[in-house]
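Colleague: This is the structure I want to talk about, given as structure tokens.
The values are calculated or read from the model by the stated rules, or taken from the named source; none is laboratory data. Bear in mind that the values here come from a model prediction, so they are computed numbers and not experimental data. Methodologically, a virtual Cβ is constructed for each residue, glycine included, from the backbone with ideal geometry; neighbour enumeration extends over all protein chains shown.
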Amino acid sequence: MELRPVPTGERPFVRAYGPGGFTIGTTRFSGSLILLPNRIESWTPRDPSALVVADFELLRPLAGDSVALLVLGLGPTGRRLPAPLLAELRAWGLAVEAVATPAACRTWNLLLAEERHAAAALIALPRES
């Protein structure tokens, strides 16, 4: 994963999203992302139906204290996570809100503005073919 610290005094608000990526502040990122209040990580998942526990390992040491809520953007539509995956994330101490990526971006921005202990894992919307 690619670590990009957020400059001091700034927060990683999602300014735009579209096929293939996101604009965080003034920087365009291609692909999926994990957002924390102090950093941005590239994230490899592209298919929400193929998510596994290993996709979230970055969050395990932060779960509970630093991150209590995970907003999970699952592409163009929301869906239920497989029960074993959801159970594991909850066992780490994460509440999970799984929604479509556009809704996840809006929710993340609100949580970030409220300085909540949250993270966002956002699957980029598919590129149009």
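Colleague: Any residue that is within 20 Å of Arg39 (Cα to Cα) and out of contact with any Ser or Thr (no Cβ under 7 Å at 6 or more places or on another chain) - is there at least one of those in the stretch 83-94?
Modeller: Looking for residues that are within 20 Å of Arg39 (Cα to Cα) and out of contact with any Ser or Thr (no Cβ under 7 Å at 6 or more places or on another chain), one finds at least one in the stretch 83-94, hence yes.
Colleague: List the number of the failed condition for Leu110; all other conditions in (1) hydrophobic (A, V, I, L, M, F, W, C); (2) touching a strand residue (DSSP E or B) at 6+ places or on another chain (Cβ under 6 Å); (3) within 16 Å of Pro12 (Cα to Cα) hold.
Modeller: Of everything listed in (1) hydrophobic (A, V, I, L, M, F, W, C); (2) touching a strand residue (DSSP E or B) at 6+ places or on another chain (Cβ under 6 Å); (3) within 16 Å of Pro12 (Cα to Cα), Leu110 misses just condition (2).
Colleague: Does Leu125 satisfy the condition of being touching a helix residue (DSSP H, G or I) at 6+ places or on another chain (Cβ under 8 Å) and within 14 Å of Phe22 (Cβ to Cβ)?
Modeller: Spelling it out, Leu125 is indeed touching a helix residue (DSSP H, G or I) at 6+ places or on another chain (Cβ under 8 Å) and within 14 Å of Phe22 (Cβ to Cβ).
Colleague: Filter the stretch 56-73 down to the residues that are without any contact (Cβ under 8 Å) to a residue 40 or more places away in the chain and touching a strand residue (DSSP E or B) at 6+ places or on another chain (Cβ under 9 Å) and list them by number. Spell out the reasoning first.
Modeller: Pass one, the stretch 56-73, residues without any contact (Cβ under 8 Å) to a residue 40 or more places away in the chain: 57, 60-61, 63-64.
Selection gives Ala63 alone.
Colleague: Quick check on this structure: which one of Ala103, Ala119 is modelled with pLDDT of 95 or more, out of contact with any strand residue (DSSP E or B) (no Cβ under 7 Å at 6 or more places or on another chain) and at negative phi?
Modeller: Sole residue among the options that is modelled with pLDDT of 95 or more, out of contact with any strand residue (DSSP E or B) (no Cβ under 7 Å at 6 or more places or on another chain) and at negative phi: Ala103.
Colleague: Taking the options Arg28, Arg46, name whichever one is more than 27 Å from Glu10 (Cβ to Cβ) and in contact with a Gly (Cβ under 8 Å, 6 or more places away or on another chain).
Modeller: The conditions single out Arg46.
Colleague: Going through the stretch 74-112 one residue at a time, which ones are among the small types (Gly, Ala, Ser) and either touching a residue at least 24 places away in the same chain (Cβ under 8 Å) or not in a helix (DSSP H, G or I) (or both)? Please lay out each step first, then the result.
Modeller: Of all residues in the stretch 74-112, those among the small types (Gly, Ala, Ser) come to 75, 78, 83, 87, 91, 93, 95, 98, 100, 103-104.
Hits for the stretch 74-112 are Gly75, Gly78, Gly93, Ala95, Ala98, Ala100, Ala103, Ala104.
Colleague: Return the only residue of Thr101, Thr77 being surrounded by 17 or more Cβ atoms within 10 Å (Cβ to Cβ) and hydroxyl-bearing (Ser, Thr, Tyr). It would help to see each step written out before you state the result.
Modeller: Working: Thr77 fails: surrounded by 17 or more Cβ atoms within 10 Å (Cβ to Cβ).
After ruling out the rest, the residue left standing is Thr101.
Colleague: Do you know which of the residues in the stretch 42-55 that are crowded, with 18+ Cβ neighbours inside 10 Å and in contact with an Asp or Glu (Cβ under 8 Å, 6 or more places away or on another chain) is nearest to Arg80 (Cα to Cα)?
Modeller: Per the criteria, the residue is Pro45.
Colleague: So which of Phe56, Phe13, Phe22 ends up being under 19 Å from Glu128 (Cα atoms) and modelled with pLDDT of 95 or more?
Modeller: Result of the check over Phe56, Phe13, Phe22: Phe22.
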